[in-house]
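J.: Quick one: this structure, given as structure tokens, is what I'll be asking you about.
The values are calculated or read from the model by the stated rules, or taken from the named source; none is laboratory data. Keep in mind that this is a model prediction, so the values were computed, not measured. As a convention, Cβ positions derive from the backbone with ideal geometry for all residues, glycine included, and neighbour counts pool all protein chains shown.
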């Protein structure tokens, strides 16, 4: 591997959290001229990844060592692998992704999503009938089975729940088909708006590690909204005061021309001197205005119910330096409104 490819592999690793060996192998396997972090090739895969990323943001009921409860991702053109940090986080993710419903109630989870393969340390999920692949890593098979079983305990009345992913492993249920026809009709203008904007959630999932490799982030949540002409994704981040690089490094990494996304800074509010520990609010957009990425960073003390042992482990894993190719906060503010590279 030449020096340039080595540098690109190390850069990719900041975004994915992969080992050096994994990043090098991924770069070697790319076609000539391909992006170091490939985009999902199929619209169905982009849509799935955008939904998964939103799930990781919206459904947070436990504190984790890493902001999203995932340590690394491995993006490929046809799919993505995600490394989860614990059985508890795996249970939470599966509970919110796998489709189920109570009689007469709306569908919970992603219609058509099924566990299609179980390995020694991973499970694979696909949306039936669509070119999709999502692999969840990080646990031995025994704990993956435990995580699947643990999803049942989260229901108020498990005996009344109809688990589509268990009762119909090879076909969509009528309830799922009805839900898809009602809420995901391709001819609906609202659905089309969010489908056009799914590249952002997918792209962020494929770069999820940068949320903890380049900044002192310890907690993340968020939600999806609407902008004037496109979709809007709000990400709220909590950062450690006085430890590690500040939140602007995330923005710098997202704007990087090699591994970043086609975004530009549209608005900024806050103090550009992060030594004062004030909140920062970045709004990023793409040139075609299909998405607004609303980043709201707060410097704050940990919640009182976050245990001291977990907090110590969070402090130990904070990066010592930020995104070294990036610009300072003041320089990012100067870029407001300029075209993305």
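J.: Could you tell me which of the residues 243, 248 is in contact with a strand residue (DSSP E or B) (Cβ under 8 Å, 6 or more places away or on another chain), modelled with pLDDT under 95 and within 22 Å of residue 17 (Cα to Cα)?
T.: Values: 243 fails: in contact with a strand residue (DSSP E or B) (Cβ under 8 Å, 6 or more places away or on another chain).
When all the criteria are applied, what remains is 248.
J.: May I pose another question? Please work out if residue 301 is at negative phi, modelled with pLDDT of 90 or more, over 22 Å from the mean Cα position of the chain (by Cα) and surrounded by fewer than 21 Cβ atoms within 10 Å (Cβ to Cβ).
T.: Values: at negative phi: yes; modelled with pLDDT of 90 or more: yes; over 22 Å from the mean Cα position of the chain (by Cα): yes; surrounded by fewer than 21 Cβ atoms within 10 Å (Cβ to Cβ): yes.
Criteria met by residue 301.
J.: Let me ask something else about it. Scan (1) surrounded by fewer than 16 Cβ atoms within 10 Å (Cβ to Cβ); (2) at pLDDT below 95; (3) in contact with a helix residue (DSSP H, G or I) (Cβ under 9 Å, 6 or more places away or on another chain) for the single condition residue 338 breaks and write down its number.
T.: (3)
J.: Also, quick follow-up: Here is a list of conditions, (1) in contact with a strand residue (DSSP E or B) (Cβ under 7 Å, 6 or more places away or on another chain); (2) surrounded by fewer than 19 Cβ atoms within 10 Å (Cβ to Cβ); (3) within 18 Å of residue 56 (Cβ to Cβ), and residue 113 meets all of them except one; can you say which number that is?
T.: The one condition residue 113 does not meet is (2).
J.: Just one of 332, 310, 263 is at pLDDT 95 or above and touching a strand residue (DSSP E or B) at 6+ places or on another chain (Cβ under 7 Å); which is it? Before you say what the answer is, go through the steps one by one.
T.: Numbers: 332 fails: at pLDDT 95 or above; 310 fails: touching a strand residue (DSSP E or B) at 6+ places or on another chain (Cβ under 7 Å).
Result of the check over 332, 310, 263: 263.
J.: Tell me whether region 218-234 contains one or more residues that are within 24 Å of residue 52 (Cα to Cα), within 21 Å of the chain's Cα centre (by Cα), buried (at least 20 other Cβ atoms within 10 Å of the Cβ) and at pLDDT below 90.
T.: yes
J.: Further question: Taking region 92-106, which residues are within 26 Å of residue 220 (Cβ to Cβ), over 20 Å from the mean Cα position of the chain (by Cα) and assigned to a loop (DSSP other than H, G, I, E, B)?
T.: Filtering region 92-106 down to residues within 26 Å of residue 220 (Cβ to Cβ) leaves 92-100.
Pick out the ones that are also over 20 Å from the mean Cα position of the chain (by Cα) and you get 100.
Hits for region 92-106: nothing passes.
J.: Right, here's the next one. So, in region 129-164, of the ones that are in a loop (DSSP other than H, G, I, E, B) and touching a residue at least 60 places away in the same chain (Cβ under 8 Å), which residue ends up farthest from residue 117 (Cα to Cα)?
T.: 161
J.: Ok, one more. Among the residues of region 1-23, is there at least one that is outside the structural domain of residue 109 (by TED's automatic domain parsing), more than 14 Å from the chain's Cα centre (by Cα), assigned to a loop (DSSP other than H, G, I, E, B) and surrounded by fewer than 14 Cβ atoms within 10 Å (Cβ to Cβ)?
T.: yes
J.: Please tell me if residue 242 is surrounded by fewer than 18 Cβ atoms within 10 Å (Cβ to Cβ), not in a helix (DSSP H, G or I) and not assigned by TED's automatic domain parsing to the domain that holds residue 50. So that I can check it myself, show each step before the final result.
T.: Values: surrounded by fewer than 18 Cβ atoms within 10 Å (Cβ to Cβ): yes; not in a helix (DSSP H, G or I): yes; not assigned by TED's automatic domain parsing to the domain that holds residue 50: yes.
It is true that residue 242 is surrounded by fewer than 18 Cβ atoms within 10 Å (Cβ to Cβ), not in a helix (DSSP H, G or I) and not assigned by TED's automatic domain parsing to the domain that holds residue 50.
Conditions (1) modelled with pLDDT under 95; (2) surrounded by fewer than 15 Cβ atoms within 10 Å (Cβ to Cβ); (3) in contact with a strand residue (DSSP E or B) (Cβ under 6 Å, 6 or more places away or on another chain), marked per residue:
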residue: 90; (1), (2), (3): no, no, yes
residue: 101; (1), (2), (3): yes, no, yes
residue: 106; (1), (2), (3): yes, yes, no
residue: 125; (1), (2), (3): no, no, yes
residue: 136; (1), (2), (3): no, no, yes
residue: 143; (1), (2), (3): no, no, no
residue: 149; (1), (2), (3): yes, yes, no
residue: 160; (1), (2), (3): yes, yes, no
residue: 167; (1), (2), (3): yes, yes, no
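J.: Residues of region 50-67 being at pLDDT 95 or above and touching a strand residue (DSSP E or B) at 6+ places or on another chain (Cβ under 6 Å), which ones?
T.: 54, 57, 67, listed by residue number.
J.: Still on this structure, please answer the following. What number of residues within region 68-86 are in a strand (DSSP E or B) and either touching a strand residue (DSSP E or B) at 6+ places or on another chain (Cβ under 9 Å) or within 11 Å of residue 136 (Cα to Cα) (or both)?
T.: Just the residues of region 68-86 that are in a strand (DSSP E or B), to begin with: 70-76, 79-84.
Applying the additional criterion that residues be either touching a strand residue (DSSP E or B) at 6+ places or on another chain (Cβ under 9 Å) or within 11 Å of residue 136 (Cα to Cα) (or both) yields 70-75, 79-84.
Here the count works out to 12.
J.: Right, something else. Filtering region 185-217 down to residues that are at pLDDT 95 or above and in a loop (DSSP other than H, G, I, E, B), which residue is nearest to the chain's Cα centre (by Cα)?
T.: Once the filter is applied, the top-ranked residue is 208.
J.: Of all residues in region 285-300, how many are farther than 11 Å from residue 235 by Cα, assigned to a strand (DSSP E or B) and in contact with a helix residue (DSSP H, G or I) (Cβ under 7 Å, 6 or more places away or on another chain)?
T.: 1
J.: Considering each of 28, 89 in turn, give the residue that is free of Cβ contacts under 8 Å to residues at least 60 places away in the same chain, over 22 Å from residue 224 (Cβ atoms) and in a helix (DSSP H, G or I).
T.: Working: 89 fails: over 22 Å from residue 224 (Cβ atoms).
It is 28.
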